Amino acid sequence: MRHLISIEDLSRDEIVKILNLAEKFEDVARGSRTLKILEGKILANLFFEPSTRTRMSFEVAMKRLGGDVINMTAQEASSIAKGENLADTIKVVSKYCDAIVIRHPLVGAARFAAEHSEVPVINAGDGAGQHPTQTLLDLYTIRKECGRIDVKIAILGDLKYSRTVHSLIKALAMFDADMYLISPPQLSLPEELYDEISERAKVVKLEDVLEELDVIYVTRIQKERFPDEEEYRKVAGSYKITVETLKRTKSNLIILHPLPKVDEIDLAVDKTKHAKYFDQAFYGVPVRMAILVEVMKSERF
Amino acid sequence: MKDFEVKKNKRELVISKIKEGTVIDHISAGKALLVLKILGIDERTRETISLAMNVPSKKMGKKDIVKVENKFINEEELNKIALIAPNATINLIKDYEIVKKFKVKLPEVVEGIILCPNKTCISNAKREPIKSRFYISVKDGEVAAKCHYCGKVLKNIAEHLL
């Protein structure tokens, strides 16, 4: 049985295989071709934390492939939390479906869920831990827009708590990308993660590398991850990408963001050719289609 | 058996020989109580324990010694001691004689003995059937433990024993 818990569960070749498969599914994701290869299969979405894009794109991905979805939202999850533990919930739900997508506030919850599940488990974010399906769609977007993955990329914002960053940097290191890490000092990358990628990463100031960059990956400062509000207030609004920032960059630079964005990218940037974060959100559908097919091992495409 | 018969200024033995059981020697000074903790030995268990701390040692300057009477602790259990006392040696005793002697080896994985300091790690969830699980390695000459669930890496393991 195949789970997807951390991006490290995949080799470089397996990642490329998923990206290639996603490419074949793009027209299906857009609704211009019908494919029923997951007909009769049921996916359970277990979201113990709020989600819009991830939950909806998994649901769309499953339905575009002819499968069905059962949902447990954060509200229902909170009533479950009053009585039933996660292990029991997983044991029961895994009898109802063919794969589980889980998002949970505790780090390692998806790995723990996999240990109690009878069906494949896909991690859709575990606290400040990992978010491997976001990473796969980030890689897909970079390859699609830049033609390669070994780019020069600035990763900007909350590097301490951002699970999308924690997954992405490991994958980018696998593909020999050059990473520039930019964050307020309180939100720098945890030491154990930096040690893993130190050969491919440098801590810099954005203005020192702007001209070299192929990609700027911006993240939101996540208020919900801070132990107290005072700490959050110290860093809130400490960086912003504006049209002015883009004057010194390459003409084909792209800006990505896992979304939701708040005020770290000026609204005027949305209208520029550099803004690719809405396309990135769409690529979540074909990439998650490929992931679903891969974990459910359908041989019929 | 010399190590257990250290005499100071012609006074009596620091701890006496045991007839049968497990002797853990060359424990880093001050760590004897942690060794007992790792082995799960406390007032609720049945073994008779003798313990010597800060015993003069040629090799180590000072060391601790623990003797567990009438019990042969298995090697897998004993190897957990390497987490906090990497130089510890084990003597299994029968009829006052050493029948087996070996050095502890670092285990690759340990379960249920290290508490993950990451408060948001699932291994700290109260109502889940979960045991902490750590992968052990040597990093920059220090023993390091990496949490199976959240990936947190610890170096000062003695401070995080359950």
Looking at the structure I just gave you, is A:Asp88 within 13 Å of chain B (Cβ to nearest Cβ) and assigned to a helix (DSSP H, G or I)?
yes
inquiry  = Going residue by residue through segment A:47-61, is there one that turns out to be within 14 Å of another protein chain (Cβ to nearest Cβ) and either open to solvent by less than 10 Å² (accessible area, probe 1.4 Å) or of a type in the set (Gly, Ala, Ser) (or both)?
reply    = no
Residue set A:Gly66, A:Gly125; condition within 14 Å of chain B (Cβ to nearest Cβ) and not in a helix (DSSP H, G or I); output residue A:Gly125
Taking segment A:167-209 and keeping residues over 18 Å from the mean Cα position of the chain (by Cα), surrounded by 15 or more Cβ atoms within 10 Å (Cβ to Cβ) and within 14 Å of chain B (Cβ to nearest Cβ) leaves A:Pro190, A:Glu192, A:Tyr194, A:Glu196, A:Ile197
- Evaluate the following for A:Lys261: is it more than 20 Å from the chain's Cα centre (by Cα), in the same structural domain as A:Ile241 (by TED's automatic domain parsing) and open to solvent by 20 Å² or more (accessible area, probe 1.4 Å)? no
Picking from A:Lys202, A:Lys261, A:Lys273, the residue that is over 30 Å from A:Glu118 (Cα atoms), part of a loop (DSSP other than H, G, I, E, B) and modelled with pLDDT of 95 or more would be A:Lys273
Would you check if there is a residue in segment A:101-114 being away from chain B (no Cβ under 14 Å) and crowded, with 23+ Cβ neighbours inside 10 Å? yes
When restricted to A:Ile182, A:Ile142, the only residue out of contact with any Ser or Thr (no Cβ under 7 Å at 6 or more places or on another chain), without any contact (Cβ under 8 Å) to a residue 60 or more places away in the chain and outside the structural domain of A:Arg53 (by TED's automatic domain parsing) is A:Ile182
Wholly inside segment B:50-127, strands (runs of 3 or more DSSP E) that include 2 or more residues that are open to solvent by 30 Å² or more (accessible area, probe 1.4 Å) and within 30 Å of A:Phe112 (Cβ to Cβ) are B:109-111
Expected output for segment A:192-206 (first residue under 18 Å from A:Val151 (Cβ atoms), partner open to solvent by 40 Å² or more (accessible area, probe 1.4 Å) and part of a helix (DSSP H, G or I), Cβ below 8 Å, 6+ apart or cross-chain) is A:Ala201/A:Tyr194
* To do: For segment A:72-91, indicate whether the set of residues that are touching a helix residue (DSSP H, G or I) at 6+ places or on another chain (Cβ under 7 Å) and without any contact (Cβ under 8 Å) to a residue 12 or more places away in the chain is non-empty.
  => yes
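The values are calculated or read from the model by the stated rules, or taken from the named source; none is laboratory data. All values reported here derive from a predicted model rather than from experimental measurement. Here Cβ is always computed from backbone atoms with ideal geometry, including for glycine, and neighbour counts include all displayed protein chains. The protein model used for the area step is the full one, side chains on, heavy atoms only, and it has no ligands, DNA or RNA in it. Shrake-Rupley method; radii C 1.70, N 1.55, O 1.52, S 1.80 Å.
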